[in-house]
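The values are calculated or read from the model by the stated rules, or taken from the named source; none is laboratory data. None of these values were measured; they are calculated from a predicted model. Here the Cβ is made from the backbone with ideal geometry for all residues, glycine too, and neighbour counts use every protein chain on show. What goes into the accessible areas is simple: the full protein's heavy atoms, side chains included, and nothing from ligands, DNA or RNA. Shrake-Rupley method; radii C 1.70, N 1.55, O 1.52, S 1.80 Å.
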Amino acid sequence: MADPTEPPEAAVREAMLGVLDPELGERIVDLGLVLRIEIAPRAVHVVLIPTSATCPMSDLLLEDTADALRRACPDGTTVSAGLDWDTVWGPVRLSPALKSRFGW
């Protein structure tokens, strides 16, 4: 039986599909920016990969991600999003559809 204090993983993953990269206007899931989703009782934390070492819109990206999590999670769930500056993003992380559209 599922823990009622633990947000459903499906809802969290679905919420991530609605988050757009503020610069590219593409879904962060399709861009391969979601490194990991950590779900625990009453808490969700998402770790993202920035597309560049100077990611000028990183604060907005994190805010948009946290907002999507808040909408998807039960009341009382602590949500957070952070960036892993050590993991390098590259076009290999793109979804097949975006690779095709971007010509990679």
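What the table shows:
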read-out: Residue, surrounded by the fewest Cβ atoms within 10 Å (Cβ to Cβ), within the stretch 41-77, restricted to residues that are over 18 Å from ARG13 (Cβ atoms) and among the hydroxyl-bearing types (Ser, Thr, Tyr); value: THR54
read-out: Matching residues in the stretch 87-102 - criterion: being polar (S, T, N, Q) and touching a residue at least 40 places away in the same chain (Cβ under 8 Å); value: THR87, SER95
read-out: Hey, THR87 farther than 16 Å from ALA15 by Cβ, of a type in the set (Ser, Thr, Tyr), part of a loop (DSSP other than H, G, I, E, B) and under 14 Å from the mean Cα position of the chain (by Cα) or not; value: no
read-out: Residue check, VAL29 surrounded by 14 or more Cβ atoms within 10 Å (Cβ to Cβ), under 15 Å from TRP89 (Cα atoms), free of Cβ contacts under 8 Å to residues at least 24 places away in the same chain and within 9 Å of the chain's Cα centre (by Cα); value: no
read-out: Counted residues, the stretch 6-25 - those being in contact (Cβ under 8 Å) with a residue 40 or more places away in the chain, in a loop (DSSP other than H, G, I, E, B) and surrounded by fewer than 17 Cβ atoms within 10 Å (Cβ to Cβ); value: 2
read-out: Failed item, numbered, when GLU38 is tested on (1) touching a Pro at 6+ places or on another chain (Cβ under 9 Å); (2) not in a helix (DSSP H, G or I); value: (1)
read-out: Scope the stretch 29-54; condition touching a helix residue (DSSP H, G or I) at 6+ places or on another chain (Cβ under 8 Å) and farther than 14 Å from THR87 by Cβ; matching residues; value: VAL29, ASP30, ILE37, ILE39, VAL44
read-out: Which numbered condition LEU98 fails, given (1) open to solvent by less than 30 Å² (accessible area, probe 1.4 Å); (2) in contact with a Phe, Trp or Tyr (Cβ under 9 Å, 6 or more places away or on another chain); (3) assigned to a loop (DSSP other than H, G, I, E, B); value: (3)
